[in-house]
Every structure is written in C-alpha cells, then in structure tokens.
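Note sheet for the following structure.
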Amino acid sequence: MKSIREEIEQLKEEKNAVILAHYYVPEEVQEIADYIGDSYYLAKKAKETKAEVIVFAGVSFMGESAKILNPSKKVLMPDADADCAMAHMASIEKVKEMREKYEDLAVVCYINSTAELKTVSDVCVTSSNAVKIVKALPNKNIFFIPDRNLGAYVAEQVPEKHVIPNDGYCPVHKEIAPQILKEAKEKYPNAKVLVHPECMQEVLKMADFTGSTSEIIQYAETSLEKEFLIGTEEGVLYELKKKCPEKTFHCVRKGQCCPDMKKVTLEKVRDSLKYGSHEVQVSRDISEKALKALDKMLELAK
Ligand code: 13P
Ligand code: SF4
C-alpha cells in the first residue's frame, strides 16, 4: 500500500500540480511542498507557475490571491475553512469614508485581506515589502488596512508619510504580549529576539530584529549568534531548525499557533488533489479589480 506522501507525489504528476505552502502549516505538509515561503514569495510563485493546478497549503486569502494572479489555473484549498481572522478586519464603508476625508489618500492593503477589500485598495503589500512600497508611493496620506500593528510599524519606518492604520490585528501575534516576552528574555538572556511586525509595537521595541517569516529565517541563518527567541507562529521553527541545526530556537510563549493554518493536513492535501476539492472561485469583477492592487505590489516590490 502506498503512503500518503507517495499518493501525493503520484497525483501531483498526474494532475500537473504544484504545492505551495506557508511556513505556518504543519511540518509534514511543509515537507511535501514544492515551494515554502512567506506571503510575498508564494504570491510570486503562484503568478509564475506553469503547472495547471495550484494546491495552496495555507489560508483563504492566499488561495484567493493565487487565483487572482493566475486566473487560468485551478487553485485548490486543502481545507475550505482555513481562513485568516485578520483578513476580515476592515470595511469597505470605512475605506470610502477615508477617501472622502483625504483627497490624496492611498489605500494600502496588507495581503492578509479578503479579495473584496483588495478591490477598494490602491496597492497590496506583504510584511516583507510594506515599508518599501509605502515609501515609493507619491501620496502623503496612507490608510493602511487591516492590520494596526503592521500599519504602526510602517508609520514608524516611513515618518515622512501620514500613515493611518486601521484597527485589525492578528489574534495569534496579539498573544505574544510584552510581559510574556519580558519573562522569556529573562529565561533566555543570551537569545536574540526575532519578531514578526504583526506583533504589537511594545513587543517590536523589545526585539533585535523585525521581519516577515522568510526574513526571520534568513536573519537566523546568517547571524553569528547561536540562540534565538522567536516571536511569530511556531511553524517557522521547522525551517529554522532545518536550516540551522547547530542553533537553538525558543518560542516566546507556548501555543504560538495559528489554528487555521494547522487545519491543513496531509490527508486533506491528498484529497484536494484526488477529488479537485475546494476549488477557489473569485468572480470576474472582483478578480479584475483586486488584480490591479496585487500587480502593483509585484511591480513596486521589485
Ligand atoms: P509572512 O508574509 O511574513 O509569511 O506572514 C504571513 C502571515 O500570515 C503572518 O501571520
Ligand atoms: Fe492570519 Fe494571524 Fe493566522 Fe497569520 S497567524 S494567517 S495573520 S490569523
């Protein structure tokens, strides 16, 4: 009898499929992926791929973005309910209100957002290119949706602009609270602290480095330090330990876990390939409008 991994390999060939996985999905799913990365890397891979089918081991905004960037491909989500809570934490009405208030407003939309929110945005960003893209925009006034923390981080890094963050947040990164980080630093005084910009400002101020998941991995890989405290979802530890077997990594707190990312199991990856289940559908109207914001990100992030 074939193992699930062997079944997936065979189905991938039969269907001419590629598997993209985010660093937060379970280790065994990362292991069978063709490409693993942060949101920016995965969006680029989704746009470039020649495969007919994209299986996106991640949450719904990732699959939607892949479909919008490459509409002729079939995009499959192993778990139809794997969603990002923050992706819904902004409203089209608020965007309209802000556009009326500021004549020159640019609406900058974190890729962790619904396709509908992208349709009313000027440009998308990810955590690895948000600062670069906001700097490059001609507009002075920026409404940053949905994440208040990444928005506040960008505001600090680009002081020449007036960046107004919306009030969304990531429930997983919110739990990495300043007091918990303080205690972890006391427990591991020699560890360098690497955090994701979805953490709150007080946490970023206590860190040695702030970056996307890929940037955190790259920092640890190239650093001369040997011990690190990681302030993002625990899934990144799989790649960190693989790339740096001689280094030590601790989570800031127990249970730094995105329950939606963990819904993506090997069995579900196999079933989505086998039955073509949970195909991403985005209406033509939404897709065409959202594509402008995503394409602008790819152009400005180069
Ligand atoms: P990255 O783009 O840094 O991988 O972040 C994605 C995400 O969902 C963080 O919570
Ligand atoms: Fe969304 Fe947070 Fe999960 Fe990332 S970790 S997918 S921002 S809920």
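Any read-out appearing in this document is the output of simple, stated calculations on the displayed coordinates, not a laboratory observation. Quantities reported herein were computed from a predicted structural model and do not represent experimental measurements. Cβ atoms come from the backbone with ideal geometry, glycine included; neighbour counts cover every protein chain shown.
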Exercise. Determine the alpha carbon to alpha carbon distance for each of Lys12/Lys74; Lys50/Lys263; Lys101/Lys140; Lys118/Lys274; Lys94/Lys174 and list only those over 20 Å.
Key: Lys50/Lys263; Lys118/Lys274; Lys94/Lys174
Quiz item: If you plug each phi of segment 27-32 into the Karplus form 6.51 cos²θ - 1.76 cosθ + 1.60 with θ = phi - 60°, what whole-Hz ³J(HN,Hα) values come out, in order, with x for Gly and Pro?
Solution: 3, 5, 7, 4, 4, 8
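Among rounded, prolate and oblate, which fits segment 174-222 when a ≥ b ≥ c are the square roots of the eigenvalues of its C-alpha gyration tensor, a/c under 1.5 means rounded, and a/b larger than b/c means prolate?
Values: a/c = 2.39, a/b = 1.25, b/c = 1.92.
Cα axes put segment 174-222 in the oblate bin.
Tally Lys/Arg at +1 and Asp/Glu at -1 over every other residue whose Cβ is under 12 Å from the Cβ of Gln179; what's the total? Walk me through the numbers on the way to the answer.
Details: positive: Lys182, Lys185, Arg253; negative: Glu175, Glu183, Glu186, Glu202.
Here the charged neighbours net out to -1.
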Quiz prompt | Listed residues Tyr275, Asn129, Met261: farthest to the positive end of the dipole of the chain (Cβ charges) | solution = Asn129
Exercise. Obtain the nm distance between the two label points defined at Thr222 and Gln281 by a simple spin-label model: each point lies 7 Å from its Cα along the Cα-to-C-beta direction.
Key: 4.5
Quiz item: Simple spin-label model, 7 Å along Cα-to-Cβ: Glu13 to Cys257 in nm?
Solution: 3.5
Practice problem: Rounding to the nearest 20 debye, state how big the charge dipole of the chain is about its Cα centre with +1 on each Lys and Arg Cβ and -1 on each Asp and Glu Cβ. | Solution: 360
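How big is the Rg/Rh ratio for the chain, C-alpha atoms only, Rh by Kirkwood, two decimals?
Numbers: Rg = 19.1 Å, Rh = 19.7 Å.
So for the chain, dividing Rg by the Kirkwood Rh gives 0.97.
Under a Cβ-Cβ cut-off of 14 Å, what is the net charge of the residues other than Asn16 that fall near it, where Lys and Arg count +1 and Asp and Glu count -1?
0
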Quiz item: Taking the simple approach of a point 7 Å from Cα along Cα-to-Cβ for both Lys140 and Ala177, what is their distance in nm?
Solution: 4.0
Practice problem: Give the long-range amide H neighbours of Lys192: residues separated by 5 or more places, or on another chain, with amide H under 5 Å away, using H modelled in the peptide plane at 1.01 Å from N. | Solution: Glu227, Phe228, Leu229
Quiz item: What are the extents of the Cα atoms of segment 1-148 along their three principal axes, listed from largest to smallest and rounded to whole Å?
Solution: 64, 27, 26
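When the dipole is taken about the Cα centre of segment 172-258, and only Lys, Arg (+1) and Asp, Glu (-1) are charged at their Cβ, what size is it in debye, to the nearest 20? Don't skip to the answer; put the middle values down first.
On the way: 13 positive and 14 negative charges, 40 e Å.
Rounded to the nearest 20 debye, it is 200 debye.
Listed highest first by mean packing, meaning other Cβ atoms within 10 Å per residue, what order do 290-297, 181-188 come in?
Working: 290-297: 21.4, 181-188: 14.9.
Ranked from most to least packed, the peptides come out as 290-297, 181-188.
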Quiz item: What number comes out for the charge environment of Ala33, summing +1 per Lys or Arg and -1 per Asp or Glu over other residues with Cβ under 14 Å away?
Solution: -1
